[in-house]
Amino acid sequence: MQSKMRLTSLDLIKIIESPENKNILKAFHARSFLKGEVLASPDGKENNVFIIREGKARIYLSSTSREFMLSILSPGDIYSTHTRATCRALENGSMYVCPVHEFKKIAAEHCEFTLTMVKVLGELLSGSFSIIDGFAFRDTELRLTLFFYEEALLSGVDQDGGRLLELTLTVGQIAQLVGASRQMVSTLLNDMYKSGLIERRSRGKFFIPDMDRLQAASQLPL
Ligand code: HEM
């Protein structure tokens, strides 16, 4: 069962190319692509579905300054031209292209196409989750670190080359200040204790051994 599931992507090429499925192949046209070529972009006007036959392509979201990788397509994987992501060939290769309205009929008759779509979309979703996670956690982490740095600077006292900070706030109150959940702040605080950025002395008492390090950790890397 496991190996069958794994084979579904490549099975699509076999299905398309098998002599008894001539009617499926008729709906597609084959074309080759070069490494670096854009296979689908958000401003594309066509509405096609394509199946990678040979080579690999990556799918990513891009803004003027950054790119976020979502997934990699391998032979047998299906993708479409109507998404906000860009698809660019990582290698020379080839693919089968079919208009969406034709593909609808094929997918209704062959569950392998739908299964592959679910697999590819699942990978896309997984990539999207990672990006959202990164944004949410990284953002809160910076705000929390900055909160501790500024509090220590304003109301802390020098001690043993570092700074001692007394806070009357609960974790829940800190969470409200940085706009995150109590659980997230708890997790991030534990990470900060582990990495030695902050030491917890007793209830509400924190020691910052190295203010410069805390400041550096509160800023986005350039
Ligand atoms: C039977 C074929 C298909 C039909 C009829 C179809 C239809 C649609 C429609 C109506 C939308 C909403 C578009 C909009 O918001 O303007 C959409 C979005 C989307 N489709 Fe498809 N689709 C098909 C195949 C595929 C395939 C094969 C993939 C990839 C494996 C795919 C991936 C997506 C993604 C990722 C979006 C979200 C786009 C975005 O918001 O950036 N679709 N599709």
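The values are calculated or read from the model by the stated rules, or taken from the named source; none is laboratory data. As the structure is a prediction and not an experimental result, all values here were calculated from the model. Note that we place each Cβ from the backbone using ideal geometry, even for glycine, and neighbour counts take in every protein chain shown.
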For this session: Could you please give the count of residues in the range 77-89 that are more than 12 Å from the ligand (Cβ to nearest atom) and either closer than 19 Å to residue 125 by Cα or at pLDDT below 95 (or both)?
Result: 1
Exercise. Of the residues in the range 11-43, how many are exposed (fewer than 14 other Cβ atoms within 10 Å of the Cβ) and within 16 Å of residue 74 (Cβ to Cβ)?
Worked result: 2
Seminar exercise, completed: The condition from (1) in contact with a Phe, Trp or Tyr (Cβ under 6 Å, 6 or more places away or on another chain); (2) more than 30 Å from residue 75 (Cβ to Cβ) that residue 208 misses is numbered (1)
Exercise. Here are some residues: 197, 165, 144. Which one is under 29 Å from residue 69 (Cα atoms) and in contact with a helix residue (DSSP H, G or I) (Cβ under 6 Å, 6 or more places away or on another chain)?
Worked result: 144
Exercise. Given the conditions (1) within 16 Å of the ligand (Cβ to nearest atom); (2) out of contact with any helix residue (DSSP H, G or I) (no Cβ under 6 Å at 6 or more places or on another chain); (3) over 30 Å from residue 197 (Cα atoms), which single one is not true for residue 112?
Worked result: (2)
Exercise. Is it true that some residue in the range 178-188 is within 16 Å of the ligand (Cβ to nearest atom) and closer than 30 Å to residue 61 by Cβ?
Worked result: no
Problem set entry | Scan of the range 139-157 for residues that are within 15 Å of residue 179 (Cβ to Cβ) and of a type in the set (Ser, Thr, Tyr), ordered by number | 140, 145
Problem set entry | From the options 54, 46, residue that is away from the ligand (no atom under 13 Å from the Cβ) and surrounded by fewer than 16 Cβ atoms within 10 Å (Cβ to Cβ) | 54
For this session: Check 154, 165, 115 and return the single one that is within 30 Å of residue 207 (Cβ to Cβ) and surrounded by 12 or more Cβ atoms within 10 Å (Cβ to Cβ).
Result: 165
For this session: Have a look at 72, 59 and point out the one that is in a strand (DSSP E or B), within 12 Å of the ligand (Cβ to nearest atom) and closer than 23 Å to residue 28 by Cα.
Result: 59
Exercise. Of the residues that sit in the range 81-101 and are surrounded by fewer than 20 Cβ atoms within 10 Å (Cβ to Cβ) and closer than 15 Å to residue 30 by Cα, which one is farthest from the chain's Cα centre (by Cα)?
Worked result: 99
Problem set entry | Failed item in (1) more than 12 Å from the ligand (Cβ to nearest atom); (2) touching a helix residue (DSSP H, G or I) at 6+ places or on another chain (Cβ under 9 Å), with residue 92 passing the rest | (2)
